[in-house]
Amino acid sequence: MPKPFSRTRGRPRFPALIRLLQNPKLGLGGGFVLLLVIIAVFAPAIAPHDPLEQDLMASALPPFWLAGADPAHLLGTDDLGRDVLSRLIFGSRVALTVAVVAGVAAGTVGSLLGLLAGYFDGWTDIAVSRLIEIWMAFPAVLLSILIVAILGSGVGTVIVAIAIIDWTRFARVIRADTMANAQADYVVAARTLGFGRWTILFREILPNVMPGLIALLAMEMGIAVVIEAILSFVGLSVSSDTPTWGSMIASGRQIIYQAWWVFAAPLAAVFATVLAFNQLGDGLRRALDPVMRR
Amino acid sequence: MSEPRLLSIEGLSAVSDRDNGAPILRDVSLAVAPGEIHGLVGESGAGKSTIARAILGMTPRTVRITQGAIILGNTELLSLDARQLRRLLGAEVALIPQDPLTALNPSRRIEAQMTDGLRMWKGHSAKSARERALTLLDEVQMREPERVMRCYPHELSGGMRQRVLIAAAFALEPKLVIADEPTTALDVTVQKQILKLIRAMQARHKTGAIFVTHDLGVVAQICDRVTLLYQGKVMEHGLTADLLLKPRHAYTKALVRATPRYDRPVDGLIPVPDAVIAACRAEIAGFDGATHG
Amino acid sequence: MIAGAAHRAAMMAVTLFGVALVVFVLLRVAPGDPIAMMIGPGASPADIVALRAHYGLDGSLPMQFAVWLGAMLHGDFGTSISLRRDVVALIGERLPATLELAFCALGVALVLGIALAVIGTLGKRRAGEAVVDGATGLLLAIPDFVWALLLVLLFGVAVPLFPMSGRVDPSLGAQFHTPFYLLEALVTGQGAAVRDAAAHLVMPVLALALPLAAIIARVLKGALDEAMVQDYVLLARVKGFSELRIVTREALRNAIGPTLALTGVQFTFLLGGTVIVERIFSFPGLGNMAIEGVINRDLPLIQGIVLTFGFLFILTNLVVDLTVVGLNPKLRHG
């Protein structure tokens, strides 16, 4: 007998919360992201120096554990004598802004198209699927560089570029998820009860594809951080007086033999951030997916 | 029994690593003489497949053998390490699996699957292994054996695949063949032919066999000797004719009565009476109490 | 099967048309006027009109698109504005470098991914499996751009084993007659040139290969896990074959099909990744030239390269489809 109830209804909330906390990937990934958010929000209070303040007398100072370090500059200074740690802290603002806004934008557009294509077969599905296929025929990095070059640099442009190139990630997954759910007994039952198509799509199906969507969103935020770094690296992201991890990497690369830490520090930040978002996404997927729960 | 033994199992006990160490096999002993077919009978969960897997050293990870011995020829199998067991089994024991549809590798040709063991353990060349495989396919009355050798499994019917598997089982002249419910997955009309075929091959190659089944009707057709299990304990054993015609244990009697026969048509299935089940359970509880106490 | 191939080819044409349309729209809405950037301060309006006509930038947009598409179909991708050379010739020079890089990365990813999956399967429920799962998880989480930079730090600075930029060392004086340096050096047996070209490839290839290897390993291991509980594997165990032989000869054949299909799709992402990886290692390939093109607003060059990538991607998917059909005995005979 098909049950005329959506799978997500009527489940106690506290066990879900406990599961969230028990998952180590979730704890580590989520914890790091949370730390990053705090650092970004309170950057002016936390950063020991002005990230733009140059001091050519104190250029290319090494980090604290190497000989010749200045304790005032924990992670050393770059070739213009700017404090690496402070630039790293302020760089997290651009990274997180782009991650959250671009991730949500790509996720909204992609999920909507995925839901529509997955539920309304016929020309809607054909159109969206073809659009996805055309989009997948572009090298993503090149396309994002092209878009930023056309629209001009700036955080807003970077966000638009990421949303334009990465909506397909969501559309593909959500479309497949929606298709699978549309066949499920609870949807058939809801249909026989006379619910309208939009009601079924947003009240019955959407809650069931939500776990996958949330996990994907977390991973996309990590990817957005990398794309922003790539655009900064190529010299296209934001104006040069805003410190970003990508531009720090690009300028650090010029002096990599003299002061490798200027290159390594922002790279480590990108690495840790991507890994954290990835683990957060993976952990969320496991914790929220009713099938994968143990 | 004073006859020479091919395989003997002595006091084999096993427990589940899940379910708080619930017993799966309870002090099981049996012996298979060369050239005889020994039936292992019981309902699902009776432990018959566990015994077959234990001989092959392939019990699931959740099953732990606690005591007993499995002796093939002069070798105790449970004390061998994985590599030694592999060598021994490869040449001396073969398996006729339950489901012919999944027991052949879908992406290898029949020839490759019939000859690989011969080349590995018997030092055959590709050519001589091929000839041997053709002879075997002939023995199982496969039509167009040359064509079948070139086929992939999906190009053959279920009955043909089971013939291939039977032929392959006898390829290395093993001392022991374990047939694990080889007819259960087959159509009833094919079942009887396959049983005859296994009997014929076993007789021709003078191989000992363990035949795992839940069907006393199948036992009557093919087995020389039977061991009847219930919840991992041997209820009764003996020659097939004796056990079926003069059952001693209440459980055996009930099972024999429940088995449909051509000379005694029944309306639907006759269940084993609850009283008999209760008696069996009590017997097993008594056994467990004695061994734990 | 022929009907299937025809259908695929038709779909491929539709997708390519879509790609061309998107490229056209993207580049025509560009606010920066490439003509204005190209000409000197003393040019007359007549010069600008002439230049516009020369690059097909006059007329209505649909008109421009028709003219442009017609030229594309004739293999006329125009002349690069910044390099003042035929775009097709430029792509012909750079594409081999990118292909050499991409296929080396694909090969490394396949070998590494399959090896990881097999090791993980052999070490089932032991430390081996945990190590392999952890390694694939890490490789999977970090994209090629970050791997490339980490490799720069590791093999370029900390332990300078490999050259950081370019395709060959010019001081070696090796002469190549084709644009496939590594392949040519291998075929003609020039040991020093092979070593040099290979050394230049190590870091970019690894950066591209590591994430793909992880995807291959994860998918293949899942498929192997599934195959290893099948009855034919049980039978192979009874035959006394070693676990290594069972994994490689029995299970791998059945598990590899879906993995290869996925690898094909992922290969298009790898090709896309060459753009930034080439940039990082100053590798003279298509992607590096594309970024130069974007910076110089070189319309004909950009559209030529983007279309080349689009064509490669679609072609890859077609080849994957046909390979999957070819590898599966059921589909092959069906």
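The values are calculated or read from the model by the stated rules, or taken from the named source; none is laboratory data. Note that the structure is predicted; figures quoted are calculated from it, not measured. Cβ atoms come from the backbone with ideal geometry, glycine included; neighbour counts cover every protein chain shown. In case anyone asks, the SASA skips ligands and DNA or RNA and just uses the protein heavy atoms, side chains included. Shrake-Rupley method; radii C 1.70, N 1.55, O 1.52, S 1.80 Å.
Assuming R0 = 56 Å, what is the FRET efficiency of B:LYS206 and C:ASP321, from their Cβ-Cβ distance, to the nearest 0.05?
Step by step, r from the Cβ atoms, then E = 0.60.
Peptide C:309-322: average number of partner chain Cβ atoms within 10 Å per residue?
Neighbouring Cβ atoms belonging to other protein chains average 2 per residue here.
In square angstrom, rounded to the nearest 10, how much accessible surface does A:LEU61 have for a 1.4 Å probe?
30 Å²
Between region B:228-244 and region C:90-140, how far is it from one alpha carbon centroid to the other, in angstrom?
Each part's Cα centre sits 56 Å from the other's.
What percent do you get for the relative contact order of chain A when only Cα pairs under 8 Å and 6+ apart count?
26 percent
Magnitude of the Cβ-charge dipole of chain B, K/R +1 and D/E -1, about the Cα centre, nearest 20 debye?
Computed charge dipole of chain B: roughly 640 debye.
If you take each beta carbon of peptide B:52-60 and count the beta carbons of other chains within 10 angstrom, what is the mean?
Numbers: counts 0, 1, 0, 0, 3, 2, 3, 0, 0.
Whole-number average of other-chain Cβ neighbours for B:52-60 is 1.
Counting pairs of alpha carbon atoms under 8 Å apart in space and at least six apart in sequence, what relative contact order in percent does region C:94-333 give?
28 percent
Can you sort C:ILE295, A:ILE126 by 1.4 Å-probe accessible area, starting with the largest? Please report the intermediate quantities before stating the final value.
On the way: C:ILE295 80, A:ILE126 110 Å².
Descending order: A:ILE126, C:ILE295.
Based on the Kirkwood radius over alpha-carbon pairs, what is the Stokes-Einstein translational diffusion coefficient of the protein assembly as shown at 20 °C with 1.002 mPa s viscosity, in µm²/s?
Stokes-Einstein gives a translational diffusion coefficient of 65 µm²/s.
Would you please state the base-10 log of I(q)/I(0) at q = 0.09, 0.13 1/Å for chain C, with intensities from the Debye formula using one equal scatterer on every alpha carbon?
Treating every Cα as an identical point scatterer, log10 I(q)/I(0) equals -0.62, -1.11.
In the full protein assembly as shown, how much of A:VAL274 is accessible to a 1.4 Å probe, in Å² to the nearest 10?
Per-residue accessible area (A:VAL274): approximately 10 Å².
Counting only trypsin sites (Lys or Arg not before Pro) that are in a DSSP loop and have at most 16 other C-beta atoms within 10 Å, tell me the longest site-free stretch of chain C.
C:127-334
Can you compute the charge dipole magnitude of chain C about its Cα centre, using +1 on each Lys and Arg Cβ and -1 on each Asp and Glu Cβ, nothing else charged? Give it in debye, rounded to the nearest 20.
Charge dipole, chain C, about its Cα centre: 960 debye, nearest 20.
Within 10 Å, count the other beta carbons around each residue, average over each peptide in B:203-209, B:228-234, C:9-15, and list them highest first.
B:228-234, B:203-209, C:9-15
For B:LYS122 and B:ASP274, what does the FRET efficiency come to when R0 = 56 Å and r is the distance between their Cβ atoms, rounded to the nearest 0.05? Write down the numbers at each step before the final one.
Details: r = 53 Å, r/R0 = 0.95.
Plugging the Cβ-Cβ distance into 1/(1 + (r/R0)^6) gives 0.60.
Taking a probe of 1.4 angstrom, what is the accessible area of A:MET179 in Å², to the nearest 10?
70 Å²
Which of C:GLY189, C:GLY107, C:GLY285 ends up with the largest GNM mean-square fluctuation for chain C, with Cα atoms connected below 10 Å?
Comparing C:GLY189, C:GLY107, C:GLY285 in the GNM, the peak value goes to C:GLY189.
What do you get when you divide the Cα radius of gyration of region B:7-292 by 2.2 N^0.38 Å, with N the number of residues?
Here the Cα radius of gyration is 1.04 times the empirical estimate.
What is the distance in Å between the Cα centres of region A:117-132 and region C:258-325?
Going from one Cα centre to the other spans 26 Å.
Distance from the Cα centre of region A:232-294 to that of region B:1-31, in angstrom?
What the calculation gives is 60 Å, centre to centre.
State to the nearest 20 debye the size of the charge dipole of chain A about its Cα centre, where the only charges are +1 on K and R beta carbons and -1 on D and E beta carbons.
With Lys and Arg at +1 and Asp and Glu at -1, about 1660 debye.
Which value, in nm² and rounded to one decimal, describes the direction-averaged projected area of the C-alpha convex hull of region B:5-57?
Hull-based average projected area comes out at 4.0 nm².
Count, for each residue of A:269-277, the Cβ atoms from other chains sitting within 10 Å of its Cβ, then give me the mean as a whole number.
3
DSSP loop (so not H, G, I, E, B), at most 16 other Cβ within 10 Å: list which trypsin sites (Lys or Arg not before Pro) in region B:43-141 pass both filters. Don't jump to the answer; show the numbers that get you there.
Working: sites: B:LYS48, B:ARG53, B:ARG61, B:ARG64, B:ARG83, B:ARG86, B:ARG87, B:ARG108, B:ARG109, B:ARG119, B:LYS122, B:LYS127, B:ARG130, B:ARG132; in loops: B:ARG61, B:ARG108, B:ARG109, B:LYS122.
The qualifying sites are B:ARG61, B:LYS122.
Which loop chymotrypsin sites (Phe, Trp or Tyr not before Pro) in region A:177-222, with loop taken from DSSP, have no more than 12 other Cβ atoms within 10 angstrom of their Cβ?
Sparse-neighbourhood loop chymotrypsin sites (Phe, Trp or Tyr not before Pro): none present.
Mind checking which lysines have their Cα closer than 27 Å to the Cα of B:LYS233? Skip sequence neighbours fewer than 8 apart in that chain.
By straight Cα distance, B:LYS233 reaches B:LYS48, B:LYS175, B:LYS246, B:LYS253.
So which chymotrypsin sites (Phe, Trp or Tyr not before Pro) in region A:63-109 pass both tests, a DSSP loop state and at most 12 other Cβ atoms within 10 Å of the Cβ? Working shown, then result.
Working: sites: A:PHE64, A:TRP65, A:PHE90; in loops: A:PHE64, A:TRP65.
Loop-located and lightly packed - A:TRP65.
If DNA, RNA and ligands are ignored and the probe is 1.4 Å, what is the ranking of B:ASP81, C:ASP225 by accessible area, most exposed first?
B:ASP81, C:ASP225
In Å and on Cα atoms, what radius of gyration and Dmax does region A:101-182 show?
13.4, 42
Could you check the spin-label model distance between B:GLU173 and A:ASP79? Points 7 Å from the Cα along Cα→Cβ, value in nm.
Result: 8.1 nm between the two label points.
Order B:VAL219, C:VAL187, A:VAL33, most accessible first, counting only protein heavy atoms with a 1.4 angstrom probe.
C:VAL187, A:VAL33, B:VAL219
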